[in-house]
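Student: Structure provided below as structure tokens; questions to follow.
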Amino acid sequence: MNTETENKTQEVISKKMRISGSEAVVRCLMAEGVDILYGYPGGAIMPVYDELYKFRDQIHHVLTRHEQGAAHAAQGYARISGRVGVAMATSGPGATNLITGIADAQIDSTPMVCITGQVPSHLLGSDAFQETDIVGISTPVTKWNHQVTKASEIPEVLAKAFYIAKSGRPGPVLVDITKDAQFGELDFEYKKCTGVRSYIPVPKTNPESVKAAAKLINSAKKPMIVWGQGIILGKAENELKAVVEKAGIPSAWTILGASAIPTSHPLNIGMVGMHGNYAPNKLTNECDVLIAIGMRFDDRVTGDLTKYAKQAKVIHFDIDPSEIDKNVKTDVAVIGDSKDSLAQLLPLLDAKSHDSWLQEFKDLYAIEFEQVIKDDLHPTKEGLTMGEVLKQINIESKGDAAIVSDVGQHQMIACRYSEFNLTKSNITSGGLGTMGFALPAAIGAKMAEPHREVVAIIGDGGFQMNIQELGTVFQQRTPVKIVVLNNEFLGMVRQWQQLFFDKRYASTEMTNPDFVAIAKGYHIQAKRITKREELADAVKEMIASKESYFLEVCVEKEDNVFPMVPSGASVSDIRLS
Amino acid sequence: MNEEIKTFTISIYTENNIGLLNRISAIFQRRHINIESLTTSQSEIDGVNRFVIVVNISESQAKKIVGQFQKQIEVIRAFYHTDEETIYTESCMFKIKSSLLFEEPQIQNIIKESNTRIVTVNKEFFVLEKSGRRNEIESLRRDLNVFGIMQFVRAGRIAVTKDEMKVTEMLLAFNNQ
Ligand SMILES: Cc1ncc(C[n+]2csc(CCOP(=O)(O)OP(=O)(O)O)c2C)c(N)n1
């Protein structure tokens, strides 16, 4: 919080006053330092919108064009900034439209508070107009949720909501507020929540477990680190880098861990998982000690669990005790905050370099380069590749852009080839794989950190899942850069059909509209390119633009993403073609 | 991994919150675990509720779901125990035609031998109540079934552990933080 918002916070909490529940909602948001929220009005949340109108100079409400857009925008805001994203919707259809974004935030541990309106409490359970049991519906996909039926409960519940959303392993929280609670009055006083009796957000790191981990690491001949988003959420980037460098350990990342250590770091050996790099996947089954930090052994990362790192001793650092032994049996579990645990680990480590082991990664990289990367980045055939577009974006943004990718082939290409100098630069839907994520998430990211270059990379399929948010870009004048990689296919599904379903392209071919005309219809600068000669200039023009910019690149229709660990196969069976 | 399936009693100490039953049942549902019985009541600690849930699962499943319960914001502590580690009882009621009580002297013997209590008798029917282990109740039910049971109901298991569960301590530690 800067001092300005801090002063505001003081102001909204200093005096006890008699106000309406809806005004209390807005004052609570301001007290939590919320400067932007995303949403869509409707009958059951109108009193709160009326208050937002009154406070519009202090808190900026962004009208998205669909509640799913609001949820994803709040996620983008949270992912790039580490602050809590806020989304608001009316009851019934408004609330249910938030659900995909909430589920996405839950599986990707994104701090988000959703506020929904609800029918008056005397109508609850009567199938009233626009009544849905949103608390029931959202239960399995929220970290916590609660229904408020009295104005007086609002400050305490919202304080708790923010505390739960951002503490420990972050996640989405939903607060449903009945209309009578919004109209009711209360003596307002706001106290931030500092604890919930039954909830231990950050278990204390046990020094014995750190010692045991250090001992294993010091004795390892072929250690390997796989880090995940826990590093970014725990703000442990520097601690991780220090550990990696001191112990000289080749280190790989999961899709959500991307950018925590710069891509160019000599011990950064690339991405693990289904479309990760060849070396870290293969050598997972060769290392003698596997150190997993802030990652949860997702099945996209491990492939066949019965053949995953069986030879290795496994050390697992995680803030969430329920992740330990959930998928992979560990030899040493270090439960706690990654920043704290790694800081404790560092002095216990021997300074080492594992040169010949690192060389094994480099040798496999050379193979991957020859068979895959060269053709992706420096293609000789006529059609444009997704890889060369990413390469050009790296050149023009100098690796400082935040890349927000949607879901599909372009996502894998974006994660594989983006150069990340700065942390929190890879914003994508990892665990849920939600098409339609990128455009609204990019809007949220750009609004949260306006000084950063934000480039959305989207497929022609996913773009059309939330294309309406171009309206938000236009109305808000959010200078995001939008790149649609158009292969006229639901590319990733088509790839699977080609490889595993005999090339039967069932419903994956897309006849697309004139995207440039659509973007221009929203008064966004737009360009389509189809040839390699146009690429460099177009990307240059896009990055140089001070305003939002839409670039459609018509890419090769039937390119595939490799390497690939076929689903259900072992990570060592990773294919290069 | 063909682990042995056993009966586990899962105890969950929680804050008293309306939505929590939903969260707890969802955790079973997602993993396709069938609940054999479920009891919820107050616990020894003021303002703290306790769920006692009986399931037939493997130990590693038990460990994982307990981790998932523990993760819920309003769950204070969760435990799992085998039958050997708990003292438990279940209770049941039978409603039987009154005429049988006089026509079938065998019924009186069953009542006496099984330590079953007569709750009420009237002209139409009489009601029996019994607490005990599941197998005792089952065998009583088999015995009475021969004569015809008008209604039968069994309540969920209640259980206490043989060793201490340190929930109070944990709550105190939190309050002192
Ligand atoms: C909401 C949603 N529906 C369906 C899918 C399944 N799916 C995964 S990738 C993909 C194809 C994406 O196509 P496109 O957006 O054109 O990107 P490309 O793979 O061609 O880069 C689909 C349909 C999904 N991930 N999300």
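Student: What do you get for Rg/Rh of the stretch A:428-557 when both radii come from the Cα atoms and Rh is the Kirkwood radius?
Tutor: 0.99
Student: Once the principal axes of the Cα atoms of the stretch A:512-577 are found, what is the range along each, listed largest first in whole angstroms?
Tutor: 48, 25, 22
Student: Still on this structure, please answer the following. Please state the shape class of the stretch A:98-246: rounded when a/c is under 1.5, otherwise prolate if a/b exceeds b/c and oblate if not, all from the C-alpha gyration tensor.
Tutor: Since a/c reaches 1.5 and a/b is larger than b/c, the shape of the stretch A:98-246 is classed as prolate.
Student: Based on the alpha carbons, how large is the Rg to Rh ratio for the protein assembly as shown when Rh follows Kirkwood?
Tutor: Looking at the protein assembly as shown, the ratio lands at 1.03.
Student: Hey, another quick one. For the interface of A with B, what's the total buried accessible surface in square angstrom, probe 1.4 angstrom, rounded to the nearest hundred? Mind dumping the intermediate values first?
Tutor: On the way: alone 22670 and 11060 Å², together 32040 Å².
The contact between B and A buries close to 1700 Å².
Student: Could I ask something else about it? For the stretch A:342-427, which GluC sites (Glu not before Pro) are both in a DSSP coil and crowded by at most 15 other Cβ atoms within 10 Å? Can you show the working numbers first?
Tutor: Values: sites: A:E360, A:E368, A:E370, A:E382, A:E388, A:E396, A:E419; in loops: A:E382, A:E419.
Loop-located and lightly packed - A:E382.
Student: Per DSSP H run of n ≥ 4, the term is -39500 (n - 2.57); total these for chain B, divide by its residue number, and report the mean residue ellipticity at 222 nm rounded to 500 deg cm²/dmol.
Tutor: That calculation yields -10000 deg cm²/dmol at 222 nm.
Student: A further question on this structure: Could you let me know the centre-to-centre spacing of the stretch B:98-154 and the stretch A:387-466, using Cα atoms, in angstrom?
Tutor: 70 Å
Student: Another question, if that's okay. Take peptides B:43-53, A:34-44 and line them up by average Cβ neighbours within 10 Å, highest first, as a rough protection proxy. Mind dumping the intermediate values first?
Tutor: On the way: B:43-53: 17.2, A:34-44: 22.2.
For the peptides B:43-53, A:34-44, the packing ranking is A:34-44, B:43-53.
Student: Can you run phi through the Karplus equation (6.51, -1.76, 1.60; θ = phi - 60°) for the stretch B:86-92 and list ³J(HN,Hα) in whole Hz, with x for Gly and Pro?
Tutor: 10, 10, 9, 8, 10, 10, 8
Student: I've got another one for you. Straight-line reach only, C-alpha to C-alpha below 17 angstrom: list the lysines that A:K192 could link to, leaving out same-chain residues fewer than 8 apart.
Tutor: List returned: A:K8, A:K15, A:K16, A:K160, A:K166.
Student: On a straight-distance basis, which aspartates and glutamates could pair with A:K150 in a cross-link, Cα separation under 17 angstrom, same-chain partners fewer than 8 positions away excluded?
Tutor: A:E23, A:D176, A:D180, A:E185, A:D187, A:E189
Student: How would you classify the stretch A:418-471 from its alpha-carbon gyration tensor, with a ≥ b ≥ c the square roots of the eigenvalues: rounded for a/c under 1.5, else prolate if a/b is greater than b/c, otherwise oblate?
Tutor: oblate
Student: If you average 1/r over all unlike Cα pairs in the stretch A:357-428 and invert the result, what Kirkwood radius do you get in angstrom? All intermediate terms of the calculation are to be shown ahead of the outcome.
Tutor: Numbers: mean 1/r = 0.0756 Å⁻¹.
Value: 13.2 Å, from the Cα pair sum.
Student: Between the stretch B:71-88 and the stretch A:529-577, how far is it from one alpha carbon centroid to the other, in angstrom?
Tutor: Taking the Cα centre of each part, the stretch B:71-88 and the stretch A:529-577 sit 51 Å apart.
Student: Within 10 Å of each Cβ of A:197-207, how many other protein chain Cβ atoms are there on average? All intermediate terms of the calculation are to be shown ahead of the outcome.
Tutor: Values: counts 11, 15, 8, 6, 1, 0, 0, 0, 0, 0, 0.
Averaged over the peptide's residues, the number is 4.
Student: Place the peptides A:311-320, B:111-120 in order of packing, highest mean first, counting for every residue the other Cβ atoms within 10 Å and averaging per peptide.
Tutor: Per-residue mean Cβ counts within 10 Å order the peptides as A:311-320, B:111-120.
Student: Still on this model: Sort B:136-148, A:250-262, A:134-146 by the packing proxy (mean of other Cβ within 10 Å over each peptide's residues), most packed first.
Tutor: For the peptides B:136-148, A:250-262, A:134-146, the packing ranking is A:250-262, A:134-146, B:136-148.
Student: At 1.4 Å probe size, with every protein chain present, just tell me what the per residue accessible area of the protein assembly as shown comes to in Å². Before the final figure, lay out the partial values.
Tutor: Working: 32040 Å² over 754 residues.
Computed with neighbouring chains in place, this is 42 Å² per residue.
Student: Separate question: Can you give the average number of partner chain beta-carbon atoms within 10 Å of each beta-carbon in peptide A:319-327, as a whole number?
Tutor: The mean count of partner-chain Cβ atoms within 10 Å per residue comes to 3.
Student: Now a separate question. What residues of the stretch A:47-87 lie in the reach of a label at A:H523, counting those whose backbone N is under 18 Å from a point 7 Å from the Cα along Cα→Cβ?
Tutor: Inside the label zone: A:62-65.
Student: How high is the relative contact order of chain A? Use alpha-carbon pairs under 8 Å, at least six apart in sequence, and give a whole percent.
Tutor: 14 percent
Student: Taking the alpha-carbon set of the stretch A:39-118, what are its Rg and Dmax in Å?
Tutor: Values for the stretch A:39-118 (Cα only, Rg and Dmax): 12.1, 36 Å.
Student: Expressed as a whole number of Å, what is the distance separating the alpha-carbon centroids of the stretch A:35-61 and the stretch A:191-216?
Tutor: Rounded to whole Å, the Cα centres lie 38 Å apart.
Student: Give the Rg/Rh ratio for the stretch A:238-320, taking Rg as the radius of gyration of the Cα atoms and Rh as the Kirkwood radius, to two decimals.
Tutor: 0.92
Student: From zero up to wherever the largest Cα-Cα distance of the stretch A:33-172 sits, split into 10 Å bins and tell me the percent of pairs in each.
Tutor: 13, 45, 36, 6, 0
Student: Taking only C-alpha pairs under 8 Å that are 6+ residues apart, what is the relative contact order of the stretch A:396-466 in percent?
Tutor: Reported as a whole number, the value is 44 percent.
Student: Here is a further query. Count the DSSP beta bridges whose two residues both fall in chain A, then state the antiparallel fraction as a percent rounded to the nearest 5.
Tutor: Around 10 percent of the beta bridges assigned by DSSP in chain A are antiparallel ones.
Student: So, with a 1.4 angstrom probe, what is the percent of accessible area on the protein assembly as shown that is carbon and sulfur?
Tutor: 50 percent
Student: If you count, for every residue in B:66-76, the Cβ atoms of partner chains within 10 Å of its Cβ, what is the mean?
Tutor: Mean shielding count: 5.
Student: Also, quick follow-up: Using just the helices of chain A, give the 222 nm mean residue ellipticity in deg cm²/dmol: DSSP H runs with n ≥ 4 each add -39,500 (n - 2.57), and the total is spread over all residues, rounded to 500.
Tutor: -11000 deg cm²/dmol
The values are calculated or read from the model by the stated rules, or taken from the named source; none is laboratory data. Quick caveat, the model's predicted, so the values are computed rather than measured. FYI the Cβ positions are ideal-geometry reconstructions off the backbone, even for glycines, and counts take in every protein chain you see. For accessibility, only protein heavy atoms count, side chains too; no ligands or nucleic acids. Shrake-Rupley method; radii C 1.70, N 1.55, O 1.52, S 1.80 Å.
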